[in-house]
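The values are calculated or read from the model by the stated rules, or taken from the named source; none is laboratory data. Values in this document were obtained by computation on a predicted structure and should not be read as measured data. Cβ coordinates were reconstructed from backbone atoms using ideal geometry, including for glycine residues, and neighbour counts include every protein chain displayed.
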Amino acid sequence: MFRLLRLIFMLIAAFVAGMLYERDGRRTICENGGGLWIENICVGPEFTND
């Protein structure tokens, strides 16, 4: 029973870590492209006031 719970916990932890890693990657791509990252949405450079 402990092994099953440990497996479920590890799978959840890996999923959350993957989601956070992917979100950070999208943010980096957005900022390198000149966009602005606002609440998980990339606003393109054509909409910024620079």
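Listing for the model above:
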quantity	calculated
Some residue of the range 1-16 being outside any helix (DSSP H, G or I) and touching a Pro at 6+ places or on another chain (Cβ under 7 Å)	no
Residue among 25, 18, 35 that alone is at pLDDT 95 or above, under 17 Å from the mean Cα position of the chain (by Cα) and not hydrophobic (A, V, I, L, M, F, W, C)	18
The one condition in (1) surrounded by 10 or more Cβ atoms within 10 Å (Cβ to Cβ); (2) modelled with pLDDT under 90 that residue 40 fails to fulfil	(1)
Any hit, the range 20-38, residues being in contact with a strand residue (DSSP E or B) (Cβ under 6 Å, 6 or more places away or on another chain) and outside any helix (DSSP H, G or I)	yes
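To keep it simple, each residue is scored yes or no on (1) touching a residue at least 40 places away in the same chain (Cβ under 8 Å); (2) surrounded by 11 or more Cβ atoms within 10 Å (Cβ to Cβ); (3) basic (Lys, Arg).
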position: 9; (1), (2), (3): no, no, no
position: 15; (1), (2), (3): no, no, no
position: 20; (1), (2), (3): no, no, no
position: 23; (1), (2), (3): no, yes, yes
position: 30; (1), (2), (3): no, yes, no
